[in-house]
């Protein structure tokens, strides 16, 4: 009887250690359970910025279907690698789009002007993207919706008028809840969730921020991976 009890205690301790180890790996972003859900979507892509440094687009594009490239931020910043990336990526078979990082500190009108000035429109271009997420002081003290929504709407309307395509909104979960959910449900959503499968109606999903692929050399060793919510025929028509 003592042997059985001792064996049971050892088994319980071992199980507890395994659970603790798995929890630690999950917390450290080593294990991410959403990878299994993401694998069922056949249309895959990346999003990049100057952090990935010099990109060999022929190499990076292997096995991918699309790429979103950071173009601008706020009313005056242009990503230093955008011109090169936008030109070279379009020479591959990738569908290519550009994104703008939304600033809480400048008007939607001047932000739209910055993007339009720097991002050439072309036939197969994916819709422009506006990236809405908290940064700096706004992580702890977000601006209230009444100070953000109108400027964001101005930016989106101006981009749609210029490019003839309704923009996509990229958002983290917290930014989505505060600004997007109740105000912009008519826009396609590109959601970031690097742990779980999104519970929102999404068109693109950024499911990993810790991937490594061949084809780039930059200060950032990792690259973001994304999927499209649909099959290849749907993507071609998008």
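Observations on the structure shown:
- Each residue in 104, 184, 115 was given a count of other beta-carbon atoms within 10 angstrom of its own, and listing them fewest first yields 104, 184, 115.
- Cα gyration tensor category, rounded, prolate or oblate, for segment 41-237 with a/c compared to 1.5: rounded
- With a simple spin-label model that places each label point 7 Å from the Cα along the Cα-to-Cβ direction, the separation between residue 236 and residue 62 comes to 2.5 nm.
- With neighbour counts taken as other beta-carbon atoms within 10 Å, the residues 168, 116, 69 rank, fewest first, as 116, 168, 69.
- Cα centroid of segment 159-175 to Cα centroid of segment 100-115, whole Å: 12 Å
- The spacing between segment 32-95 and segment 182-232, judged by their C-alpha centroids, is 11 Å.
- The calculated FRET efficiency for the pair residue 84 and residue 37, based on their C-beta separation and a Förster distance of 41 Å, comes to about 0.75.
- When peptides 173-179, 117-123 are sorted by average Cβ neighbour count within 10 Å, with the highest value leading, the order is 173-179, 117-123.
- Full-extension gain in nm, residue 200 to residue 77, via 0.36 nm per residue minus C-alpha separation: 41.2 nm
- Listed from fewest to most Cβ neighbours within 10 Å, the set 228, 68 follows the order 228, 68.
- Entry note, segment 144-238: relative contact order of 18 percent, from Cα contacts under 8 Å with a spacing of 6+ residues.
Taken together, the values in this text are just the output of simple stated rules run on the coordinates, not laboratory data. Computed from a predicted structure; not experimentally measured. Neighbour counts run over all protein chains shown; Cβ positions are idealised from the backbone, glycine included.
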